[in-house]
Amino acid sequence: MKVNRVCCIGAGYVGGPTMSVIAHECPDILVHVVDDDKEKIKAWNSENLNDLPIYEPGLKKIIKKTRNKNLIFSTDTDKAILESQIIFLAVNTPTKTKGEGKGFAADLTNIENCAKRIARISKSNKIIVEKSTLPVRTAEKIKEVLNKYNSKINFEVISNPEFLAEGTAIEDLYKSDRVLIGGESSPSGKKAVEKLVSIYKRWIPARKILKTNVWSSELAKLASNAMLAQRISSINSLSALCEKTGASIKELSKAVGADKRIGPDFLGTSVGFGGSCFQKDILNLVYLCKVYGLNEVAEFWHQVVKINDYQKKRFTKRILKTFDNSVAGISISILGWAYKKNTNDSRESASIYVSTDLLEKGAILSIYDPMVKKERIKLDLKMILEKRGNDKKQVKKILNNVHIIKKLNDKLFKSKCILILTDWDEFKEINWDILLINDKKYPIVFDGRNFIRKKNTKKLYTIGE
Ligand code: NAD
Ligand code: UGA
């Protein structure tokens, strides 16, 4: 039977853009995106497209064309399950905060809840697609849950991990390097894979659709993220050595990346990678290796996260050193809250950690980001301050030293110190010479994105230079 109805559980950074593109490319398929979060669904349905819950270049245009035609956003998960032939799971799979594997393993509660709900509601055969990033062999567990709660119908579970990066999600979905589909080799497994292929092949060339077994597909996603993050930690670790030796990290990246076998991408030094996935997925990989008794392998990958933490701390230490280890009462401007440019996502952003370290030492922060909302920034800080054991009174007191600035204005440049923490293009366009090449003692600029060209001034610190 031809696929004409699909749904996706989870309307986040993956579910929203991927389903919009499917709806756009397959006008004959009704795509229903559901989420338990009422506010999020309301935002997906908002008339003003600037109020969509996520910012992603190119997304508004696609939503405008498809929404309420063959793309529906709702909270009616049961209806979506009941009516769909294919169900994509794009729920969040954060690091566990309690129980076995705490701090490392992926929390699969959302996935398990989806499986139970699908089993309970379904009245016809279903294909379940793992879009969320999951530990290897999760498909087996999903199938177990499905069969336990509903033994009457056939469920096929296939893995189809998502490789989009935020900020370029739409472009990535259209020009995917590969679409990976892992399925079982049984006749019904193969049929399920072909049904998914029939969707992607509308816009992805067949040679880019890779078919593997389920476990390879699940593990390839973790491995891809781990290897990307590993490159950043490699270059960041070398940035520390550059600073000691007089080598330049920019020159080093260029020279190393010119080797075809290495390649130039993901060799950009920074204050540390952020985002909801790199750290989470590597910690999950570390956990899996330990479960299988591969302690040396686990330690190898753990080091990628450790170097990332080291890089963030190293950056803060450099600021503190400049102010003789005392930033109490010092005004500091933070340029950028998102973990990278062209997204409103701040999950695990280096800005959160650098800012909190400085706030706990009494600094007064003015924070500006073109896309992250004021409430989000305050919430990020509140959550981490509480996690670090500050009581309510302390949190309130510290947050009094935070000023969120709506526009890139003069106030930000009057601070004693400016930190560039996100690679937003508008920060590149600032005339840094005016601020740096003069007789004034301040502001001192700490460039966490290696944006500003080297200058003959002690007022500029650039990572790895
Ligand atoms: P997200 O937090 O933005 O969205 C997940 C959504 O799922 C949330 O809105 C949440 O309310 C909803 N949800 C959770 N449980 C639910 C349930 N039982 N019923 C209905 N809704 C439920 O997460 P995300 O960034 O979209 O990531 C989703 C998954 O995709 C993760 O596993 C992540 O590792 C992976 N991934 C993310 C990216 C990315 O760029 N963000 C890229 C590739 C893969
Ligand atoms: C990353 C991967 O690139 C995607 O393929 C994957 O699908 C996704 O994770 C996921 O699974 O969630 P994303 O985190 O959105 O995508 O963004 P990246 O472009 O990978 O950047 C991640 C972090 O690394 C950012 O903080 C970025 O600024 C930093 N980075 C990136 C560097 O510090 N240096 C670089 O050279 C590149």
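Give the number of residues within the stretch 43-61 that are open to solvent by 60 Å² or more (accessible area, probe 1.4 Å) and within 12 Å of ligand 1 (Cβ to nearest atom). The qualifying residues number 0. Among the criteria (1) of a type outside the set (Val, Ile, Thr); (2) outside any helix (DSSP H, G or I); (3) open to solvent by 40 Å² or more (accessible area, probe 1.4 Å), the one Ser276 does not fulfil is (3). Within the stretch 350-370, work out how many residues are farther than 21 Å from Ser276 by Cα and open to solvent by 30 Å² or more (accessible area, probe 1.4 Å). So the count comes out to 3. If you filter the stretch 279-300 down to residues that are touching a helix residue (DSSP H, G or I) at 6+ places or on another chain (Cβ under 6 Å) and more than 15 Å from ligand 2 (Cβ to nearest atom), you find that the one that is most open to solvent (accessible area, probe 1.4 Å) is Lys290. Among residues of the stretch 109-135 that are free of Cβ contacts under 8 Å to residues at least 60 places away in the same chain, those with a Cβ under 7 angstrom from a residue that is among the aromatic types (Phe, Trp, Tyr) and more than 8 Å from ligand 1 (Cβ to nearest atom), sequence gap 6+ or separate chain, pair up as Lys116/Tyr149; Ala119/Tyr149; Arg120/Tyr149; Lys126/Phe155; Ile128/Phe155.
In the stretch 254-271, the residue that is farthest from ligand 1 (Cβ to nearest atom) out of those that are within 26 Å of Glu218 (Cα to Cα) and either in contact with a Leu (Cβ under 9 Å, 6 or more places away or on another chain) or in contact (Cβ under 8 Å) with a residue 40 or more places away in the chain (or both) is Leu267. Out of Ile418, Ile404, Ile444, one residue alone is free of Cβ contacts under 8 Å to residues at least 60 places away in the same chain and in contact with a helix residue (DSSP H, G or I) (Cβ under 9 Å, 6 or more places away or on another chain). It is Ile404. Identify, from the list Lys312, Lys396, Lys341, the residue that is over 20 Å from the mean Cα position of the chain (by Cα) and charged (D, E, K, R). Going through Lys312, Lys396, Lys341 in turn, the sole match is Lys396. So, Phe104, is that one within 17 Å of Thr133 (Cα to Cα) and open to solvent by 30 Å² or more (accessible area, probe 1.4 Å) or not? Taking the combined requirement at face value, the residue satisfies it.
Looking only at the stretch 192-227, count every residue that is free of Cβ contacts under 8 Å to residues at least 12 places away in the same chain and either among the charged types (D, E, K, R) or surrounded by 14 or more Cβ atoms within 10 Å (Cβ to Cβ) (or both) and tell me the total.
Total meeting the criteria: 3.
Scanning the stretch 90-101 for residues that are β-branched (Val, Ile, Thr) and open to solvent by 50 Å² or more (accessible area, probe 1.4 Å) returns a single hit, Thr97.
Total residues in the stretch 371-388 satisfying the condition of being within 21 Å of Ala328 (Cβ to Cβ) and open to solvent by less than 60 Å² (accessible area, probe 1.4 Å): the figure is 3.
Residues that are in contact (Cβ under 8 Å) with a residue 40 or more places away in the chain, out of contact with any Ser or Thr (no Cβ under 6 Å at 6 or more places or on another chain), outside any strand (DSSP E or B) and within 16 Å of ligand 1 (Cβ to nearest atom) are absent from the stretch 322-338.
The values are calculated or read from the model by the stated rules, or taken from the named source; none is laboratory data. Computed from a predicted structure; not experimentally measured. With ideal geometry, Cβ positions are generated from the backbone for all residues, glycine too; neighbour counts draw on all protein chains shown. Ligands, DNA and RNA are stripped out before the accessible areas are found, and what is left, the full protein with its side chains, is counted by its heavy atoms. Shrake-Rupley method; radii C 1.70, N 1.55, O 1.52, S 1.80 Å.
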